[in-house]
Amino acid sequence: MKTIGSVNEALKAIGEELGVSRWFEVDQARIDQFAELTVDHQWIHVDVERAKSQSPFGATIAHGFLTLSLIPGLSKDNYRVENARMGLNYGLNKVRFLAPVIAGSRVRVRSEVVDAVKVGDDTVNLIVRHTVEIDGSVKPAAVADLIVRYVF
């Protein structure tokens, strides 16, 4: 696991793969909970029987935003930032949903520093590309560049 403890360490990490998380199952119960929280009950996510017969995937699939929401928790397996007084989500770049996460699939997150931009003596925008991989699939579920502003 990579540790970043300063603005300079963030700048030096550009181009480094930070790690790969553990596998995590995305089951139907989690998809249903996400549907409740986000008020997104589209049948491709929550209607198991209809999805079996009418979906091109033959099963329900996770919401794209559920897939994205797993990144912060799973990426904790890959790296940590120490000594920062705070970290703030600054935004996302280049978000793409490339393959569906079928209910019951396992996913993991691969993290790589694509850039770090110093915005003050003690502040850096760390840009990490997170690729959400699906067990048994060549194509990833999603790719997103997460920007977090750290103040050291």
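A few comments on the model shown:
- Of the helices (runs of 4 or more DSSP H) that lie entirely inside region 4-65, those containing 2 or more residues that are among the aliphatic types (A, V, I, L, M) and within 15 Å of ILE102 (Cα to Cα) span 28-38, 43-46, 48-54.
Let's see how each residue does on (1) over 20 Å from GLU133 (Cβ atoms); (2) in contact (Cβ under 8 Å) with a residue 12 or more places away in the chain:
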| position | (1), (2) |
| --- | --- |
| LEU18 | no, yes |
| ARG22 | no, yes |
| GLN28 | yes, yes |
| ILE31 | no, yes |
| GLU36 | yes, no |
| VAL39 | yes, no |
| ILE44 | yes, yes |
| ASP47 | yes, yes |
| ARG50 | yes, no |
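- Residue check for VAL119: surrounded by 19 or more Cβ atoms within 10 Å (Cβ to Cβ) and among the β-branched types (Val, Ile, Thr): no
- Selection within region 26-42 - exposed (fewer than 15 other Cβ atoms within 10 Å of the Cβ), under 21 Å from ARG106 (Cα atoms) and not polar (S, T, N, Q): ASP27, ALA29
- Breaking point among (1) assigned to a helix (DSSP H, G or I); (2) more than 14 Å from GLU133 (Cα to Cα), for LEU74: (2)
- Scan region 122-135 for residues that are surrounded by fewer than 19 Cβ atoms within 10 Å (Cβ to Cβ) and in a strand (DSSP E or B) and the total you get is 4.
- The residues listed here are VAL138, VAL95; of these, the one that is modelled with pLDDT of 95 or more and part of a loop (DSSP other than H, G, I, E, B) is VAL138.
- Residue check, VAL132 closer than 27 Å to THR3 by Cα, among the β-branched types (Val, Ile, Thr) and out of contact with any helix residue (DSSP H, G or I) (no Cβ under 7 Å at 6 or more places or on another chain): no
- Single residue of ARG106, ARG149 found to be surrounded by fewer than 20 Cβ atoms within 10 Å (Cβ to Cβ), more than 30 Å from ALA51 (Cβ to Cβ) and in contact with a Gly (Cβ under 9 Å, 6 or more places away or on another chain): ARG149
The values are calculated or read from the model by the stated rules, or taken from the named source; none is laboratory data. Note that the coordinates shown come from a computational prediction; the quantities given were computed from them, not determined experimentally. Please note: Cβ atoms are built from the backbone with ideal geometry, for glycine as well, and neighbour counts cover all protein chains shown.
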